[in-house]
Amino acid sequence: MPAFNILIVGGGLGGLVTALALSLKGHKVTVLESTSKLQTIGGGISIQPNAMRVLDTFTPTLLETVKAAGEVQGEKPMTFWRYNGEFVFEMGTRGSFYDYPAMNIHRANLQKVLLDEATKAGAVVHTNARVEKIDDSGDSPIAYTVDGRRWEADLIVGADGVKSTVRNMMYPDIKLQSYTNTYRGMIPGPLMRADPELAPLLEKPRIYWGPHRMVIGIPVQKGAMYSLECNHPGDTGTAGEWNKKGDFKLFLDTYSDFEPMIKKAMTRVIPDSLLVWKLVQLPELESWSWQSGKVVLTADAAHAVTPFAAQGHAMAIEDGAALAECLARAKSTSEIPQVLKAFETIRKPRVHHIGALSQRNEHLWQLPDGEEQRKRDEGMRNIPMGAAPAWDRKHVDETPGFPPDPRFWPWLYGHDVIDFTNRRLDELLK
Ligand SMILES: Cc1cc2nc3c(=O)[nH]c(=O)nc-3n(C[C@H](O)[C@H](O)[C@H](O)COP(=O)(O)OP(=O)(O)OC[C@H]3O[C@@H](n4cnc5c(N)ncnc54)[C@H](O)[C@@H]3O)c2cc1C
């Protein structure tokens, strides 16, 4: 397999995991990241079993390092409540069931581990390197950074997130769809532990479903911090801005009808940590590759989804691994366009089905009180999210229907992206 010269635009989770996967295959990888240092913004994210499986394939120690940087979830990792404090259900068993547990981690901690591993594997990461233009008219694509530097490569990967510059060059007219905003805030864990009214929140993540709003609380950094994510409609956030400050009074007022414990926790948010984001979804792009076939989009740049399936970063991780497998089939630079097409053919059905699940969850999880809400709660009590008691442990290749289709959760959490990608490549490149 030839070693290609690959440029990755964006050093977020998608860019770094792709850098790691490609460096481990022997390619020469350069990452251009616009910020001056990797950002500590962001809250708790939960890595699902399908993404944990991928991390386990890269190096013998990566999975353990990631686990040590966060908290592994128990077998029934999360509880769901109505906004008025009524308990609804506990998440179905995962962990041993899907071979890998899920875990909670602060986004910045995951990014740091991926940066260290990608660098160890040989990738070179440049910060302060904002790409403003790509020239894809010649044999090899060229990126230009705002400081005038020119970066030529065999392949350019656009991993520059929801507001991707690379995608904007390919599709100047694409508009991000956005309906929901989220307040993000952090609370010191010891402060909660010392308060008997708040301590129960530290036991395991909780999701509160309310009319047109919902709240997710996750203990992170080994209980040193508690991360709150509070969704609401309107226009408080701005797409792609991760640093916008939230208005504290408006934040508290927005959830004034929620139960007393979670409301009390909200009053303990460190004021400076309160940010407000816009959650966005990208319409399906006609193609992820540009004209030469040597510029490709990945992760949020290609298929940003709202976080109601908790799979945005998992899809970025799967994409990175899949892209590395696809490129391993190219015997020369002239075969790059063909394998990138295969990458898109393999990945698109999965990421867009997950995008549709997220939209479906956004509706279901924020239903107003009433008949539809009661049916939802009853259905969830009968077959909790994640549960698949009748699964025969065979890999689910075909895209299933949504829950309660019994193949859905095994398709989502039991996915083996490396094996599946290689089997599909064998078919597509015959
Ligand atoms: C600061 C920040 C905090 C986040 N916090 C959370 C969170 O708490 N929970 C959650 O679920 N999701 C969060 N996300 C989004 C989440 O990381 C992504 O949805 C997911 O991981 C997919 O990763 P990605 O690499 O496609 O995008 P991102 O992780 O957004 O990474 C994109 C990277 O590209 C860089 N970049 C952008 N434009 C350029 C350019 N022109 N040239 C060079 N570099 C560029 C950005 O600085 C960023 O580092 C956050 C994203 C960011 C940037």
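The values are calculated or read from the model by the stated rules, or taken from the named source; none is laboratory data. The structure presented is a predicted model; accordingly, all values stated were derived computationally and were not measured. Ideal geometry is used to build each Cβ from the backbone, glycine not excepted, and the neighbour counts take in all protein chains shown. Each accessible area value is taken on the protein alone, full model and side chains, heavy atoms only, with ligands, DNA and RNA left out. Shrake-Rupley method; radii C 1.70, N 1.55, O 1.52, S 1.80 Å.
Quick notes on this one:
- Candidate set: the stretch 289-304, residues that are assigned to a loop (DSSP other than H, G, I, E, B) and near the ligand (Cβ under 8 Å from one of its atoms); chosen: the one nearest to GLN366 (Cα to Cα): ALA304
- The one condition from (1) of a type outside the set (D, E, K, R); (2) crowded, with 20+ Cβ neighbours inside 10 Å; (3) within 19 Å of PRO307 (Cα to Cα) that THR79 does not meet is (2).
- When restricted to residues that are under 17 Å from TRP365 (Cβ atoms) and within 14 Å of the ligand (Cβ to nearest atom), the stretch 208-244 contains 7.
- All told, PHE97 falls short of being outside any helix (DSSP H, G or I), away from the ligand (no atom under 16 Å from the Cβ) and open to solvent by less than 70 Å² (accessible area, probe 1.4 Å).
- Counting only residues that are near the ligand (Cβ under 9 Å from one of its atoms), open to solvent by 90 Å² or more (accessible area, probe 1.4 Å) and modelled with pLDDT under 95, the stretch 128-184 holds 1 of them.
- Only residues that are at pLDDT below 95 and either over 18 Å from the mean Cα position of the chain (by Cα) or open to solvent by less than 20 Å² (accessible area, probe 1.4 Å) (or both) were counted across the stretch 282-292, and they come to 3.
- Selection count where residues are modelled with pLDDT under 85 and open to solvent by 30 Å² or more (accessible area, probe 1.4 Å), scope the stretch 213-238: 2
- Across the stretch 307-331, the qualifying residues are those that are part of a loop (DSSP other than H, G, I, E, B) and open to solvent by 10 Å² or more (accessible area, probe 1.4 Å), and the one among them that is nearest to ASP160 (Cα to Cα) is ALA310.
- If you check ALA118, ALA143, ALA102, ALA153 for being over 30 Å from MET380 (Cα atoms) and within 23 Å of the chain's Cα centre (by Cα), only one passes: ALA118.
- Which numbered condition GLY12 misses (of (1) away from the ligand (no atom under 16 Å from the Cβ); (2) in contact with a Gly (Cβ under 8 Å, 6 or more places away or on another chain)): (1)
- With respect to the conditions (1) modelled with pLDDT under 95; (2) within 12 Å of the ligand (Cβ to nearest atom); (3) crowded, with 22+ Cβ neighbours inside 10 Å, MET91 falls short on a single one, namely (2).
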